[in-house]
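Structure first, then comments.
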Amino acid sequence: MNYFQWRGKHPEHKPLYYVCGEEIATRLEVLDGCVSQFLARRLVVDAKKGFADVEIAVLAETQQLKVVTINNADKLDDEQKEIIINWAERIAKGQIMQTVLILHSDEVNPQTSLPIYRPFVEKGRFIECKQMTVENMVKYAMEGYNLTESAANLLAEMVSFNFLKFNNELEKLSCLDLQQIDERIVKELVVFSADDVFVNYMLNRNIKMAQMVASAVDAKQRNSVLTLIAKRLSFLYLVIQNDAPGIGAHKLAAMLNVQPWQLLEYFAIKRFWNGPLILNKLKLLTTVEQQYSAYNSNILSLLVNWW
């Protein structure tokens, strides 16, 4: 299993992947899944701290799969890039065995005509993976799974813009083998528990719908629902504290040590929230939870009234 991967970033924060050698995957998530099946020796080096560490990490011999990640690859000079090209050729030919090489860089609109990219275009794959946004999720569902725009938007909202859940539900719907999947089919076949739906309505501040669903939440789930809302609001507060104009989803995700798609829910509902409001609701949740513990009643309807 020998292949080379170059990962760069488009100015619009679109990750780019260049793969040389055996075709293994077209998405980083799939690639990581392949790598996780092996006992991989994982090495992370920084190009800014010296090329010697990079060279030692790539050329070190090992009996198991070796995964080398080079951060700040845009700091490599022209001579060092030539060495990278040479490694790409050798990995593609099987001369550097059991190696996965991942470069993280901050490229400015990379062009495939440049010499640095030719080995990857000629011997492997040039893959552009666009930033996952709600718009891209909807387009993905419409083009790949025959959902109407309204059905795709509804499904995205139902899964709280979680791409993994979104994709899982799309795979289920694809088993229907329909020419088109509309909003009615999504409502009928994509089933979520009342507590999931209730939490989503609360975070979207849809008071009317939350009140309708509150009574359907199982008594055993009420306490966990309060805890889940508190956790989601706490995360939103953390995001709001770190967000700033022009920061971009990828940089913000890196600051919070999460994946960019995990911020999709935040971007979708942030218009309903601000820092002081979240702190106010967190205090309210604490009070409601104390009341629930004392009386074990259906406190959710009361929560909605105060929300």
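The values are calculated or read from the model by the stated rules, or taken from the named source; none is laboratory data. From a predicted model like this one, the values you see are computed outputs, not experimental measurements. Don't worry about glycine lacking a Cβ; one is built from the backbone with ideal geometry, like all the others, and counts go over all protein chains shown.
Of all residues in region 211-232, those satisfying the criterion of being among the hydrophobic types (A, V, I, L, M, F, W, C) and either closer than 18 Å to Thr287 by Cβ or exposed (fewer than 12 other Cβ atoms within 10 Å of the Cβ) (or both) are Ala214, Ala219, Val225, Leu226, Leu228, Ile229, Ala230. Residue count for region 54-73, restricted to those that are among the charged types (D, E, K, R), loosely packed, with under 15 Cβ neighbours inside 10 Å and either modelled with pLDDT under 85 or closer than 14 Å to Arg42 by Cα (or both): 1. The residue list Leu284, Leu264, Leu302 contains one member that is in the same structural domain as Ser224 (by TED's automatic domain parsing) and at pLDDT 85 or above, which is Leu284. Of the residues contained in region 233-248, none is found to be under 28 Å from Leu303 (Cα atoms), exposed (fewer than 15 other Cβ atoms within 10 Å of the Cβ), in contact (Cβ under 8 Å) with a residue 60 or more places away in the chain and not acidic (Asp, Glu). Once region 188-210 is narrowed to residues that are in contact with a helix residue (DSSP H, G or I) (Cβ under 6 Å, 6 or more places away or on another chain) and within 15 Å of Leu226 (Cβ to Cβ), the residue that is surrounded by the most Cβ atoms within 10 Å (Cβ to Cβ) is Phe198. Restricting Ile102, Ile96, Ile83, Ile116 to those that are touching a Ser or Thr at 6+ places or on another chain (Cβ under 9 Å) and either modelled with pLDDT of 75 or more or not assigned by TED's automatic domain parsing to the domain that holds His250 (or both) reduces the list to Ile102. In region 208-231, the residues that are free of Cβ contacts under 8 Å to residues at least 24 places away in the same chain form Cβ pairs under 8 Å with partners that are aliphatic (A, V, I, L, M), at six or more places apart or across chains, as follows: Val213/Ala194; Val213/Val197; Ala216/Ala194.
Does Ala244 count as among the small types (Gly, Ala, Ser) and part of a helix (DSSP H, G or I)? The answer is no for Ala244.
For (1) closer than 21 Å to Val134 by Cβ; (2) touching a residue at least 12 places away in the same chain (Cβ under 8 Å), each residue gets a yes or a no:
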residue	(1), (2)
Phe161	yes, yes
Lys165	yes, no
Lys172	yes, yes
Asp182	yes, yes
Ile185	yes, yes
Phe192	yes, yes
Phe198	no, yes
Tyr201	yes, yes
Asn206	yes, no
